[in-house]
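Notes for the one structure printed next.
The values are calculated or read from the model by the stated rules, or taken from the named source; none is laboratory data. Everything numeric in this text was worked out from a predicted model, so none of it was measured. Quick reminder, even Gly has a Cβ in these numbers, built from the backbone with ideal geometry, and neighbours come from all protein chains shown. Only protein heavy atoms, including side chains, enter the accessible area calculation; ligands, DNA and RNA are left aside. Shrake-Rupley method; radii C 1.70, N 1.55, O 1.52, S 1.80 Å.
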Amino acid sequence: MKKWIDRLLGGGKETNAPEAAQAGPDAEERDFTGEVDATWYRWLTASSGYQASEELQDRILDAVRALVHDPAGAAELVPRMPELIPQLMRSLAEEDMSAADLSRQVAQDKVLVAEVIRESNSAYYRPLTPIETLEAAVMMLGHNGLRMLLARVALRPLIKMQSGGFARQAAPQVWNQSEKSAFAASLMAPGLSAGVFEAYLAGLMQNIGLVVAFRVADGLVEGNRMPGSSAFGLRLMSVSRQLSAVIARHWDFPPEVADAIHDPGADTGLAQALALGDRIAKLRVLIDGSVVDESDPLVMDGLNGFQRRCLGKLADIES
C-alpha cells in the first residue's frame, strides 16, 4: 500500500482555466463555509442526532484527537486498501502509453473493466452513442480520467464499507459528498494553479477521518445515535480533517494533498480548490435533499457564477 498513490501521478498541473474559478465572493462579513458545514452536519445526523451531554461530546472529541497522534491506530479503523493492478498504475504515469496497451492491462480486472465502461457512458462524458468496448472507453476517459477513476475505485470501500452503528448509516452519504467534492475541486484547480488530479484525490480523501470519527463515537454512544448540535459537528469535522491528513501521510500520499486536507484555509491553490470544492459539493447535497434552495443566499451570495455552474454540473454525478 505504501507509495501506491505516487504511481497514479503522471500528468502535469493544468494552468489554463476560466478566471471565474479564481474570483470568489467577499465572505469576510459572513462565514459561508461554516454555515454550509453546520447545515450539512445537521442534515447528515438528522435521523440519529440528539442532544448529548457536554461530557460525552468532549470524550468523543478527545478520543478522535488521540488518533491524530496515532496514525497506525487510525489507519487500522479503516478497511485495508484494495489491491489494484501495479502495472496499470505505472502505465498511467506514461503519457505515451496507447489506449490499446492500457486496455489490455485494465482487462485483467473484471471489476475495473465494468467501472471504466460505466464511467465512459456517464452523464459527465455524454458520448454521442453508447460506448461498448473497453478500448473506446479508455480513449474517452484519457489518462487523467483513468487516474481519477482508479483512485475512486481504490478509496470507495474505505468509506462505504463500515461495520455498523451510525458510521455504517452515514457512510454512503459521506462517500456521495466526497465524490462530488473531488469533482468540484478538480474543476476549481486549474484557475488556482493547482494540480487537477491532486485536487480530486484530496476531495476523495478528506472525509476518511470523519468516518473514523463516527466509528469512534459508535463505541461511546448507545444505539445508532450521534450528537447532533452544529457546534459539536463543526468541532468534529475540524479534528477529523486533521485525522484525514494524518492517515494520508501514513499512506504516503503526496505531501501537498495531506497539507491541503489538514488546513483548508491555507494560502495555496490546492487548499483553496479543496475548500471551494467541498463547499460546493455540500451545497449540491443539501439542494438535492431539499434542505437548501438554489436561490438561497448560501448559493447566490456564497458562490460566484463559475462556482454556481460547477454546482449545476454536480447534478450529473451519480450517487
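Across segment 40-55, what is the total count of residues that are open to solvent by less than 20 Å² (accessible area, probe 1.4 Å) and either of a type outside the set (S, T, N, Q) or assigned to a helix (DSSP H, G or I) (or both)? If you could, list the steps in order and put the result at the bottom.
Taking segment 40-55 as the starting set, the residues that turn out to be open to solvent by less than 20 Å² (accessible area, probe 1.4 Å) are 40-41, 44-45, 48, 52.
Filter once more, so that each one left must be either of a type outside the set (S, T, N, Q) or assigned to a helix (DSSP H, G or I) (or both): 40-41, 44, 52.
Looking only at that region, the number is 4.
Of all residues in segment 109-116, none are within 26 Å of Ile287 (Cα to Cα) and either surrounded by fewer than 23 Cβ atoms within 10 Å (Cβ to Cβ) or among the β-branched types (Val, Ile, Thr) (or both).
For Glu135, the conditions (1) surrounded by 20 or more Cβ atoms within 10 Å (Cβ to Cβ); (2) more than 25 Å from Lys282 (Cβ to Cβ) all hold with the exception of (1). Residues of segment 274-281 include none that is part of a helix (DSSP H, G or I), open to solvent by less than 40 Å² (accessible area, probe 1.4 Å) and farther than 16 Å from Ala182 by Cβ. Checking each residue in segment 201-241 for being open to solvent by 10 Å² or more (accessible area, probe 1.4 Å), assigned to a helix (DSSP H, G or I) and not aliphatic (A, V, I, L, M) picks out Arg215, Asp218, Ser230, Arg235, Ser238, Arg241. Of all the numbered requirements in (1) outside any helix (DSSP H, G or I); (2) open to solvent by less than 10 Å² (accessible area, probe 1.4 Å), Lys180 misses one, and that requirement is (1). In this structure, does Asp293 turn out to be touching a residue at least 12 places away in the same chain (Cβ under 8 Å), open to solvent by 40 Å² or more (accessible area, probe 1.4 Å), acidic (Asp, Glu) and not in a helix (DSSP H, G or I)? Here the answer is no, as Asp293 does not meet what is asked.
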